Amino acid sequence: MLKPLSELVADARRQCRTVDPEEARALLAADPVPLLIDVREPEEAVQHAVEGAINIPRGVLEMKLMAMCHNPMQPILIYCATGGRAALSAVALQAVGYRDVRVILGDCESIACTLNQGA
């Protein structure tokens, strides 16, 4: 029996840490500065872009991030359009060894609005 995507996402959300956009903004002003990763597809990422975010689509996230970040303790904040891909991405990054991965809750418009306030 195939597991519906909604169940996969729900399972992933239970396994990852989350922050709201205000908490994410505070973390981005802290030291060490987290990597901010948008896991949407490039054509989506141009809408409601967040200044300083790195666009790495979910399908290539582990490969690209492992090539650019060798520190398993590097704080990482992830977001997408609705949080589903971000949750799945967080679980995947935890599986390869990243220890401080958090999903920003909310839709990308509200996330961009909040995070771009301090930019």
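What's the total number of residues in the range 1-51 that are of a type outside the set (A, V, I, L, M), exposed (fewer than 13 other Cβ atoms within 10 Å of the Cβ) and over 17 Å from residue 105 (Cα atoms)?
9
Regarding residue 14, is this residue free of Cβ contacts under 8 Å to residues at least 24 places away in the same chain and assigned to a helix (DSSP H, G or I)?
Criteria met by residue 14.
Mind checking which pairs have a first residue in the range 71-86 that is closer than 19 Å to residue 42 by Cα and a second that is modelled with pLDDT under 95 and part of a loop (DSSP other than H, G, I, E, B), Cβ under 7 Å, 6 or more apart or different chains?
Note: pairs meeting the criteria are 81/107; 82/107.
I'm trying to understand the selection: among the residues of the range 29-64, which are touching a helix residue (DSSP H, G or I) at 6+ places or on another chain (Cβ under 7 Å) and assigned to a helix (DSSP H, G or I)?
Answer for the range 29-64, where residues must be touching a helix residue (DSSP H, G or I) at 6+ places or on another chain (Cβ under 7 Å) and assigned to a helix (DSSP H, G or I): 58, 61, 62.
Going by the conditions given, is residue 74 of a type outside the set (D, E, K, R), over 25 Å from residue 116 (Cβ atoms) and either at pLDDT 95 or above or buried (at least 17 other Cβ atoms within 10 Å of the Cβ) (or both)? Please lay out each step first, then the result.
On the way: of a type outside the set (D, E, K, R): yes; over 25 Å from residue 116 (Cβ atoms): no; either at pLDDT 95 or above or buried (at least 17 other Cβ atoms within 10 Å of the Cβ) (or both): yes.
For residue 74, the condition - of a type outside the set (D, E, K, R), over 25 Å from residue 116 (Cβ atoms) and either at pLDDT 95 or above or buried (at least 17 other Cβ atoms within 10 Å of the Cβ) (or both) - is not met.
Which count do you get for residues in the range 17-28 that are out of contact with any Leu (no Cβ under 8 Å at 6 or more places or on another chain) and either part of a loop (DSSP other than H, G, I, E, B) or more than 18 Å from residue 88 (Cα to Cα) (or both)?
At the first step, the residues of the range 17-28 found to be out of contact with any Leu (no Cβ under 8 Å at 6 or more places or on another chain) are 17, 22-23, 26.
Keeping just the survivors that are either part of a loop (DSSP other than H, G, I, E, B) or more than 18 Å from residue 88 (Cα to Cα) (or both) gives 22-23, 26.
Of the residues in that region, 3 qualify.
Working only within the range 104-117, note down all residues that are more than 18 Å from residue 13 (Cβ to Cβ) and either free of Cβ contacts under 8 Å to residues at least 60 places away in the same chain or not polar (S, T, N, Q) (or both). Step through it out loud before you land on a result.
Narrowing the range 104-117 to residues more than 18 Å from residue 13 (Cβ to Cβ): 109, 112-117.
Of everything in the range 104-117, those that are more than 18 Å from residue 13 (Cβ to Cβ) and either free of Cβ contacts under 8 Å to residues at least 60 places away in the same chain or not polar (S, T, N, Q) (or both) turn out to be 109, 112, 113, 115.
Write out, first by first residue and then by second, each pair whose Cβ atoms fall under 9 Å of each other, whose residues are 6+ apart or on separate chains, and whose first residue, in the range 43-61, is within 13 Å of residue 114 (Cα to Cα) while the second is among the hydroxyl-bearing types (Ser, Thr, Tyr) and surrounded by fewer than 16 Cβ atoms within 10 Å (Cβ to Cβ).
48/110
I need the full set of residues from the range 63-103 which are under 16 Å from residue 15 (Cβ atoms) and of a type in the set (Val, Ile, Thr), in order please.
Once the filter is applied, which keeps residues that are under 16 Å from residue 15 (Cβ atoms) and of a type in the set (Val, Ile, Thr), the range 63-103 yields 76, 78, 91, 96, 101, 103.
The values are calculated or read from the model by the stated rules, or taken from the named source; none is laboratory data. Please read all numbers here as calculations on a predicted model, not as lab measurements. A quick note on method: Cβ atoms are made from the backbone with ideal geometry, for glycine too, and the neighbour counts reach across all protein chains shown.
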